[in-house]
Amino acid sequence: MTVAIVGAGLAGSLLTCFLARRGVPVTLYERRPDPREQQAERGRSINLAISERGLDALRRIGLADKVMADALPMKGRMIHPVEGPLDFQQYSVSGDRAINSISRGALNNALLDAAAAAPGVEIRFEHRLVGLDPKTARMTFETPDRTVEAESDVVLGTDGAGSAVRGRLVADHLVDEAVDFLDYGYKELTIPPAAGAFALDPGALHIWPRGTSMMIALPNPDRSFTCTLFWPNGSFPALDTPAAIEDHFRTHYPDVVPLAPDLVDDYQQNPIGVLGTVHTAPWQAFGRVGLLGDAAHAIVPFYGQGANCAFEDVVELDRCLEDSDGEWARALPLFELRRRENTEAIAEMALANFVEMRDKVASPVFRLGKRIEHALERALPGHYASRYELVSFSTTPYAEVQQRVRRQHQALAGVVLLAGLGLVGLTRRLLR
């Protein structure tokens with residue numbers, strides 16, 4: 001049984017490692033040249049925040065320590081108001097848990113190295129999928145000098161939100177897709193090291209919340225920060241001169257200007273990216289062609305769960321293969337059955353977290369709510385946990401996170417009354 005994986009990004013490279021561990025011969029196809037031999041595309045990095053779900057997947061194939069060697073732990077958010085002092089908001093009640101900033105390119109390269117070293121794996125770069133027969137799993141690729149045909153028993157599309165595999169299934173009316181584009185775009189900027197040191201605290205994810213827009217910054221091992229602007233569509237081209245760019249940043253992001261000497265050049269030269277949520281049904285056809293990761297269910301990046309969710313897909317598909325005795329015709333439908341409600345849940349939570357990050361984190365009411373939430377976690381350990389704690393620092397299924405948080409909120413409505421009556425035991429049971 002041979003498998004072709006189309007897309008050598010994060011999900012495809014990790015999936016190759018998992019399948020190779022099972023003794024499955026894999027050919028991994030990628031439309032780009034080998035990224036390990038190329039410079040990163042300007043303005044397209046979007047650093048990743050790897051948390052427990054991603055780490056769990058990496059541990060299963062023995063790569064966590066290697067991959068995380070250069071990662072930078074971020075234990076909370078650092079809020080940058082237009083005026084006034086910075087505000088650090090720790091992620092966990094204990095203050096010791098962190099999400100980890102890591103370069104997408106560095107992580108992808110490490111996974112590609114592991115895939116290339118695995119037995120039974122062949123990687124073919126500069127192969128762009130242009131044809132696919134879902135019934136026979138016969139594929140057609142364009143390469144720099146010719147068109148080639150290839151066959152496999154199973155074809156898996158891990159080729160991102162703009163998946164060519166999904167496109168072929170949609171064209172054959174085997175899959176329905178809908179893309180809900182956010183009315184926002186993104187653009188990257190860079191804050192370089194200052195005298196060889198970090199210009200900002202490297203132990204935090206930095207946020208400049210501005211109501212309908214925001215900027216974030218994540219630290220890099222070279223002591224720079226990658227900043228990402230998330231602005232409403234139409235906002236970027238409105239700043240069409242160096243003077244307009246500088247004036248806008250001095251007004252809305254005053255502490256950034258002295259830290260970013262290439263601000264104007266980055267702003268003018270780096271591309272504008274689009275943001276959206278991909279909905280696809282079903283995720284497979286004929287038990288021979290399947291979709292995974294962003295190819296099946298791309299989400300917006302505001303919970304830092306895109307890569308973590310895709311990695312968790314790989315773990316779940318591996319479980320489904322185990323439970324199906326390696327029969328792909330059973331494993332692919334089972335994977336969708338088990339996974340769909342969880343990917344829909346994190347898609348909803350990611351959109352909600354965007355509103356929190358851009359509108360709420362600077363609010364005194366929000367800060368008070370977080371203090372109360374942490375107090376409840378300390379008072380009711382094992383019974384109360386915040387949404388962020390469950391999403392980022394556990395592998396609790398996303399749909400269960402949503403359900404648990406709803407139950408907690410319902411129970412909290414009566415906590416004051418119950419506590420007043422001395423019914424603490426009942427309160428604990430309600431919060432389970």
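A short reminder: the numbers here are calculations on the coordinates, not readings from a lab. Quick caveat, the model's predicted, so the values are computed rather than measured. As a convention, Cβ positions derive from the backbone with ideal geometry for all residues, glycine included, and neighbour counts pool all protein chains shown.
Applying 0.36 nm per residue to the separation of residue 94 and residue 246 and subtracting their alpha-carbon distance, the gain on full extension is 50.7 nm. When peptides 74-80, 14-20, 400-406, 281-287 are sorted by average Cβ neighbour count within 10 Å, with the highest value leading, the order is 14-20, 74-80, 281-287, 400-406.
Largest GNM mean-square fluctuation among 289, 24, 391, using the chain with Cα springs under 10 Å: 24.
Take each peptide in 318-326, 2-10, count the other Cβ atoms within 10 Å of every residue, and average; sorted highest first, the result is 2-10, 318-326.
Projected over all directions and averaged, the alpha-carbon convex hull of the range 1-138 occupies 11.8 nm². For the range 291-390, the Stokes-Einstein estimate of translational diffusion at 10 °C and a viscosity of 1.306 mPa s comes to 101 µm²/s, using the Kirkwood hydrodynamic radius over alpha-carbon pairs. Protection proxy ranking, highest mean first, for peptides 199-208, 113-122: 199-208, 113-122, where packing is the per-residue count of other beta-carbon atoms within 10 Å, averaged.
Selection among 237, 190, 47 by position relative to the dipole of the chain gives 47 as farthest towards the positive end (Cβ unit charges, Cα centre).
Under the criterion of Cα pairs below 8 Å and six or more residues apart, the relative contact order for the chain equals 19 percent.
Per residue, the convex hull spanned by the Cα atoms of the range 134-264 amounts to 208 cubic angstrom. With a Cα cut-off of under 27 Å and a minimum spacing of 8 residues unless on different chains, the lysine pairs in the chain number 6. Each label was represented as a point 7 Å from its Cα along the Cα-to-Cβ direction; for residue 410 and residue 179 these points are 3.8 nm apart. Sparsely packed loop sites in the range 117-204 (the trypsin sites (Lys or Arg not before Pro) outside DSSP H, G, I, E and B with at most 10 other Cβ atoms within 10 Å) comprise 146. Only Cα pairs under 8 Å and 6+ residues apart enter the sum, and on that basis the relative contact order of the range 84-160 stands at 14 percent. The orientation-averaged projection of the convex hull spanning the C-alpha atoms of the chain amounts to 22.5 square nanometres. Rounded to the nearest 20 debye, the dipole size of the chain about its Cα centre is 1440 debye, using +1 on the Cβ of Lys and Arg and -1 on the Cβ of Asp and Glu.
Charges were assigned to the Cβ only: +1 to each Lys and Arg, -1 to each Asp and Glu. The resulting dipole of the range 181-274 about its Cα centre is roughly 200 debye.
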